[in-house]
Amino acid sequence: MAKSPDVSAGVSSDVSPAVPPAVDDPTREYAAVPDPVGPDPAIPGRSAPDQAPVAPQPPRSNGFARLLIFTFFVFALLVATCLGLRAINVLPGFDNPFSDKTTDRSQPVLLQSMRDLSRYVAADGTFQVIVDLQESKENIPDFLVNRRTLFVGSGTVEQYVEFGSLAEGALKVDEQNKTVTITLPPPQQSTAALDMQKSYVVAEERGLFNRIGDAFRSDPGKQQQVYALAQQRITEAARSSGLDERARQNTERMLGSLFTRLGYSTVTVTFDTP
């Protein structure tokens with residue numbers, strides 16, 4: 001029977017023993033932990049990374065905000081310094097860059113009408129009225145819907161005699177006795193004219209819904225309503241103020257002085273009944 005060849009005889013006897021595993025090699029108990037940074041070319045045994053890690057960039061908004069705050073601070077400091085130097089007369093020619101500016105863009109005045117007047121203004125009176133006008137809704141609280149205006153109105157009422165409406169035979173002159181008799185129409189009263197330089201709004205209260213509505217639209221008619229009410233009150237008050245009697249007396253004195261200078265000794269002025 002043939003013998004099997006001896007395999008061990010052909011193997012060299014100088015085979016080195018097995019190399020123990022390195023320290024960094026993974027063991028059988030724990031799996032290898034992936035490197036989050038990637039291979040480092042500075043460490044031997046590692047390949048170069050495919051892409052270098054990108055460092056996080058700071059947000060640009062913070063730098064822009066700081067630049068804006070710094071610019072505003074420098075500008076405010078310069079303005080304050082210039083104003084301070086002007087106050088102590090170091091820079092008297094420096095003007096305030098934030099001073100008020102008024103621009104008049106009014107159009108030329110247009111003449112609408114012209115009329116001849118033959119009236120004699122015998123007296124006038126200046127009146128002042130306080131208008132307290134409130135507009136509200138029933139069954140709704142005032143803090144929701146309410147408009148209350150406290151307005152001080154100052155106006156003038158004129159009392160005049162219209163000489164243009166004299167009837168025929170209203171003037172009778174006696175040259176022999178030097179007497180004059182004049183029959184005039186009764187004095188008339190004009191509508192009150194508000195003086196806007198002396199009229200002003202003291203206070204104004206508005207409900208929540210009124211404030212919201214005024215923010216989106218303006219209603220000049222509300223102020224016009226207050227003005228009209230002030231004119232009406234002043235006109236009514238002038239009728240019972242004795243202005244009519246003052247106008248009669250002043251008219252008599254004016255005509256008496258006029259005809260006396262013309263050489264007439266007796267001047268009689270009468271008024272028709274209204």
Problem - Separation of the Leu144 and Asp116 label points, Cα + 7 Å toward Cβ, nm - result: 6.3 nm
Fill in the blank from the handout: Least to most buried among Lys101, Lys172, by other C-beta atoms within 10 Å and fewest first, runs Lys101, Lys172
Fill in the blank from the handout: Proxy exposure order for Met114, Met254, Met196 (fewest C-beta within 10 Å first) is Met114, Met196, Met254
Problem - R0 of 35 Å, Cβ-Cβ distance Ser241-Asp100: FRET efficiency to nearest 0.05 - result: 0.25
Fill in the blank from the handout: Rounded to the nearest 5, the percent of DSSP beta bridges in the stretch 119-271 running antiparallel is 85 percent
Exercise for the section: Between Thr81 and Tyr227, take the C-beta separation as r, use R0 = 51 Å, and let me know the FRET efficiency to the nearest 0.05. Expected result: 0.60
Exercise for the section: Rounded to the nearest 0.05, what FRET efficiency do Leu171 and Val109 give with R0 = 45 Å and r taken as the Cβ-Cβ distance? Could you check? Expected result: 0.70
Fill in the blank from the handout: Fewest to most Cβ atoms within 10 Å: Glu158, Glu135 sort as Glu135, Glu158
Practice task
Please report Rg over Rh for the stretch 119-271, where both radii come from the alpha carbon positions and Rh follows the Kirkwood definition.
Solution key: 1.26
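Every number here is computed from the coordinates shown, using simple stated rules; none is lab data. In this text, all values refer to a predicted model and were calculated from it rather than measured experimentally. A quick note on method: Cβ atoms are made from the backbone with ideal geometry, for glycine too, and the neighbour counts reach across all protein chains shown.
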